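Please treat every number below as a calculation from the coordinates, not as lab data. The model shown is predicted, which means the values in this text are computed figures rather than measured ones. Note that we place each Cβ from the backbone using ideal geometry, even for glycine, and neighbour counts take in every protein chain shown.
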Amino acid sequence: MSNIGSKLQEVKRRMATACTAAGRNAEILTSVPALSAPASGSDRLILLAVSKTFPAEAVREAHAAGQQAFGENYVQEALAKIEALAELRAELQWHLIGPLQSNKTRAVAEVFDWVHSVDRLKVAQRLSEQRPAALAPLQVCLQVNISAEASKSGFMAAEVLAAAQAVAALPRLQLRGLMAIPEPAGDPGAQRLPHRALRELLAALNAQGLQLDTLSMGMSADLEAAVAEGATVVRVGTAIFGQR
Ligand SMILES: *Cc1c(COP(=O)(O)O)cnc(C)c1O
């Protein structure tokens, strides 16, 4: 098996072990199923392979090993990769997880399936206006600055409800949930706190009538903590593709 293939297996094993430890009976998936599939309360944990800085060939290798959902941070780099892999387009799901400037929204609305990093209403409005009618609504998460770091983008927790209500009303977007990149913490107990805060924030939104099913949290170093707190999507780069 290829190196990337065996790393993918190892990550999926980590995810399964973390589910068992947390008492979750989750199905581990390599892309997000279409929303039309009944969201019948079944627990799902999706692996998003973060391919930023790695070439199209690495994505091709991961796809050959069964991976379908890929996360990218930089719009220009992602567009080139998506183009290079055009013949696989129907089998791949592209997720933007990095910062999005207003002047790049059109390209993103035209080619991505998901955006996890919506951090301003203006960006959401532009994505909705620019999403082509022929495509399914763009699936989005609001990025939350869960550790309240001055250097990090994302809505503050207190702003999330109003933002979620505004984004949920946009016609060409489907608001699916919340995403966070917590401040790194060493021990697993400390790692769980921001993930728990994000889970509680999602529950509070749903208690206000929103219907959100996605908690995008957990990376190579803290996926176990995120899974224990209810992550539905983990975004894993280094543990699959190697050091950047
Ligand atoms: C790079 C990145 C990841 C993956 O991080 P690893 O530590 O390499 O697993 C996940 N989420 C975001 C937003 C990233 O920028």
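At an R0 of 35 angstrom, the distance between the Cβ atoms of residue 28 and residue 103 translates into a FRET efficiency of 0.40. Converting the Cα gyration tensor eigenvalues of the chain into ellipsoid dimensions via √(5λ) gives semi-axes, longest first, of 24, 23, 17 Å.
With neighbour counts taken as other beta-carbon atoms within 10 Å, the residues 15, 217 rank, fewest first, as 15, 217. Once C-alpha pairs closer than 8 Å and six or more residues apart are averaged by separation and normalised to the residue number of the chain, the relative contact order reads 19 percent. Largest GNM mean-square fluctuation among 78, 124, 221, using the chain with Cα springs under 10 Å: 221.
As a length-normalised measure over Cα pairs under 8 Å and 6 or more apart, the relative contact order of segment 133-203 settles at 37 percent. The alpha-carbon of residue 104 sits under 20 angstrom from the alpha-carbons of these aspartates and glutamates, leaving out residues fewer than 8 places away in its chain: 72, 77, 83, 113, 119, 129. Taking the DSSP bridge list for the chain and keeping only pairs wholly inside it, about 0 percent are antiparallel.
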